[in-house]
Amino acid sequence: MSKEPECGEILMAALLINKGFCMAAKGGDTISKNEAVKLLRDQMGPETKKEDIEKVFATLDSDGSGTLDFQEFLALTGSLAMMFNQMMKQ
Ligand SMILES: [Ca+2]
C-alpha cells in the first residue's frame, strides 16, 4: 500500500504543473497549438494519428481560441493524473 502524499509533495506537484505551463507557453499566457500538439504527441506516443491529437486538442481548447490557457492546461494535467491513477489501480 502506498503512503499518503505529504503537503510538500502536493505543493511540488503544483509547482511542476505551473513550471510545465510556463515552459510550454514560453513565457506567454497561452500555449500555442503547435506546442500543445508536441506535448500531446509526447504523452500519447509518436504513433498516435495526427487527427486523434487534433481531436484531443480541440477538446482541451474549450473556448476555441486555438491556444491553451492555464485553465485548459489544467484540464490536460488533470486528465493525465486520472490516467495515472487508473494505471496505478491495475
Ligand atoms: Ca483556448
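Readers should treat all values here as calculations from the given coordinates under stated rules, not as data from a laboratory. These numbers come from a predicted model, not from an experiment. Ideal geometry is used to build each Cβ from the backbone, glycine not excepted, and the neighbour counts take in all protein chains shown.
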Candidate set from the stretch 29-41 (those that are of a type in the set (D, E, K, R) and surrounded by 12 or more Cβ atoms within 10 Å (Cβ to Cβ)); member that is farthest from the ligand (Cβ to nearest atom): ARG41
Tally, over the stretch 41-60, of residues that are of a type outside the set (Phe, Trp, Tyr) and in contact (Cβ under 8 Å) with a residue 24 or more places away in the chain: 2
One residue from THR48, THR59 being surrounded by 12 or more Cβ atoms within 10 Å (Cβ to Cβ) and more than 16 Å from the ligand (Cβ to nearest atom): THR48
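Here is a yes/no grid of residues against (1) within 14 Å of the ligand (Cβ to nearest atom); (2) exposed (fewer than 12 other Cβ atoms within 10 Å of the Cβ); (3) at negative phi:
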residue	(1), (2), (3)
GLU9	no, yes, yes
GLN43	no, no, yes
ASP63	yes, yes, yes
ASP69	yes, no, yes
GLY78	no, yes, yes
PHE84	no, yes, yes
